[in-house]
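Engineer: Take this structure first; my questions come after.
The values are calculated or read from the model by the stated rules, or taken from the named source; none is laboratory data. Keep in mind it's a predicted model, so treat the numbers as computed, not measured. All Cβ positions, glycine included, derive from the backbone under ideal geometry; neighbour counts span all protein chains shown.
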Amino acid sequence: MTGAPDGRRGGHPRAPCVIVLLFLLGWLASMDNAGAGGRVLISTVKGFYTTALEELAKQYMGLHPDVTVEINLQPDNLSLKRYYTAQMAAGRRDAPDIVHGNILGVSENYHAGRFLACNAYLREPNPYAGGVTWESLFDPVFLNSLAVDGIHYCILPLDYVAVGIFYNKDLFERFGVVPPKSWAEWITVCKVFHDGGVTPVSVPGAANTDMAAWIVGMLEDACLRRFIPDVIARPGDWNYVPANAGYGGNLDDPYADQLITINPERLMKAFLDGRMSYEQPVFVEAYTHLQELTQYYEFGHLGTDQTGAYNLFITGKAAMWLIGSWRIGSPMRDMTELPPDQRFDWGVFPVPSIKGSVHGLAPMRGIGGAGHQLSVVDKGDEEQHRRVMDFLMFLYAPEQAAYLTRRTLEVGEFIQGAPMIKGVKLPPELAEKLEGFGRRGYIKGDLLPDPNDSDTALRIRPYSQLLALGRMTPKAFLRKKQALTLRLVRKIIARRGYDLDPTTEDHVK
């Protein structure tokens, strides 16, 4: 609802009747705005939890008749971004209150004053969960891993997601292979299928759905963890937390760095000083292994979208499919609709680690973490913030979270993964599939200057394509990547106003 006109708009000092009329209209509008002030607006992507979310919104309004919960559905991520950008440009009053933070960019929105840090609210009791502290319902590792600069909780995670390899168990049995436990075994399995005339791995690699980049992210995480001692926040740094003191540097422990904070100014300086560089041997080793794998992706994978990659898998033309936990519902549903002679048993295994690394690559960790990540828009209105937080406490209580998952599966919509909220149980078949992704931690995005910078992603993509096609060597590719990374680092320093002093928190003036 747009703002009501005030007494300065349209009034005239020589027309008392007009002034009285405007006063009455203003009073009526203010009463209307009081109702509008009782609105919570959610902007979300259609298809994920939609039906259950709408039903829970009605339940909440039944408990709070003075509050209206509206759900703005967008068809895809790009449309969500456009809607959010347009509404914020028009003024925050009518912008959505709750948005997908991970789609819109959490760090940049927080540093620009557009997202609210929820730290204080998380320490309060949740009246819809027996009065327990709201924060206690979440996994602390995930909350911390999503925090901006390691300390500002701008994301409320609803569920876990993970990336893995879906595989056709019937094809694996026919070709006499088993799910690989190492990278070398995976390459061997791929070769067996390739030689047998079956596409080894289907991967969505098109520009708008480049999921081949997930393997890149896992490999880079395996490289970057060795640099943590250089960039971890130290006593006296502005984002130091006590957990940092206990970091022992064990690269084989996938959870060792999950609660620590990386100081972004130390990170920027490490790249500028050359202590961190994509041209170092450990990255060359990782990208050499990557190029070894890409030859087994489907023909034309750089132009394949999610639908095309899935069709190769579900029709038995590809033995494996790289995708995330949010697509588990697709084969579960479609197998029941296929003719009996076309159905097959399937499972999931995690992307294997590179064992016996020459330059000290750490074990692979998962891509994912929290899936449905909601953020609150900072409207500078504490009363509205309280209203929004109360609805979110309702949504993130065990009873409602269980309903959200159960109802979503009933109506054939997609869940992102296992529920984040403690106390929620999944159907056995779904739980079994999710277990296949492995419990081995998640990559630490804070070790990258800005993994969500779209400009850098666009600039690096042509070189990534040449690398995948075998037309560029890993060393040549990494020279380009290092140059683009340094360009990004300088841009971030300017944009965030960093003075590269890790003891002082800087803000854009």
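Engineer: Across region 36-51, which residue is farthest from residue 94 (Cα to Cα) among those that are surrounded by fewer than 22 Cβ atoms within 10 Å (Cβ to Cβ) and of a type in the set (Gly, Ala, Ser)?
Structural biologist: Here the answer is 47.
Engineer: State whether one or more residues within region 446-453 are assigned to a loop (DSSP other than H, G, I, E, B), surrounded by fewer than 20 Cβ atoms within 10 Å (Cβ to Cβ), modelled with pLDDT under 80 and not hydrophobic (A, V, I, L, M, F, W, C).
Structural biologist: Taking every residue of region 446-453 in turn, none turns out to be assigned to a loop (DSSP other than H, G, I, E, B), surrounded by fewer than 20 Cβ atoms within 10 Å (Cβ to Cβ), modelled with pLDDT under 80 and not hydrophobic (A, V, I, L, M, F, W, C).
Engineer: Residue check, residue 343 against (1) surrounded by fewer than 19 Cβ atoms within 10 Å (Cβ to Cβ); (2) at pLDDT below 95; (3) farther than 21 Å from residue 421 by Cα; (4) charged (D, E, K, R), all met but one. Which one?
Structural biologist: (2)
Engineer: Scanning region 147-163 for residues that are assigned to a loop (DSSP other than H, G, I, E, B) and β-branched (Val, Ile, Thr), which turns out farthest from residue 446 (Cα to Cα)?
Structural biologist: Across region 147-163, the extreme among qualifying residues is 155.
Engineer: In addition: Spot the failing condition for residue 284; the list is (1) outside any helix (DSSP H, G or I); (2) surrounded by 17 or more Cβ atoms within 10 Å (Cβ to Cβ); (3) of a type in the set (A, V, I, L, M, F, W, C), and only one is missed.
Structural biologist: Against the list (1) outside any helix (DSSP H, G or I); (2) surrounded by 17 or more Cβ atoms within 10 Å (Cβ to Cβ); (3) of a type in the set (A, V, I, L, M, F, W, C), residue 284 comes up short only on (1).
Engineer: Can I ask one more? Being more than 24 Å from the chain's Cα centre (by Cα) and polar (S, T, N, Q) is true for just one of 485, 503. Which residue is that?
Structural biologist: Unique residue meeting the criteria: 503.
Engineer: Here's a check for you: in region 248-281, which residue that is touching a Leu at 6+ places or on another chain (Cβ under 8 Å) and surrounded by fewer than 20 Cβ atoms within 10 Å (Cβ to Cβ) is nearest to residue 475 (Cα to Cα)?
Structural biologist: Result: 279.
Engineer: In this structure, is residue 371 touching a helix residue (DSSP H, G or I) at 6+ places or on another chain (Cβ under 8 Å), within 22 Å of residue 42 (Cβ to Cβ) and surrounded by fewer than 19 Cβ atoms within 10 Å (Cβ to Cβ)?
Structural biologist: Considered against the rule, which asks whether it is touching a helix residue (DSSP H, G or I) at 6+ places or on another chain (Cβ under 8 Å), within 22 Å of residue 42 (Cβ to Cβ) and surrounded by fewer than 19 Cβ atoms within 10 Å (Cβ to Cβ), residue 371 comes out as no.
Rundown of residues vs (1) assigned to a helix (DSSP H, G or I); (2) free of Cβ contacts under 8 Å to residues at least 24 places away in the same chain; (3) polar (S, T, N, Q); (4) not assigned by TED's automatic domain parsing to the domain that holds residue 122, yes/no style:
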| site | (1), (2), (3), (4) |
| --- | --- |
| 142 | yes, no, no, no |
| 145 | yes, no, yes, no |
| 165 | no, no, no, yes |
| 171 | yes, no, no, yes |
| 177 | no, yes, no, yes |
| 180 | no, no, no, yes |
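Engineer: Also, quick follow-up: Where in region 313-387 are there strands (runs of 3 or more DSSP E), lying wholly inside it, with at least 1 residues that are at positive phi, touching a residue at least 12 places away in the same chain (Cβ under 8 Å) and under 25 Å from the mean Cα position of the chain (by Cα)?
Structural biologist: 368-370
Engineer: Are any of the residues in region 220-232 in contact with a helix residue (DSSP H, G or I) (Cβ under 8 Å, 6 or more places away or on another chain) and farther than 30 Å from residue 294 by Cβ?
Structural biologist: So far as region 220-232 goes, yes, one or more of its residues are in contact with a helix residue (DSSP H, G or I) (Cβ under 8 Å, 6 or more places away or on another chain) and farther than 30 Å from residue 294 by Cβ.
Engineer: For region 170-209, which residues satisfy the criterion of being of a type in the set (D, E, K, R) and touching a Pro at 6+ places or on another chain (Cβ under 7 Å)?
Structural biologist: 181, 185
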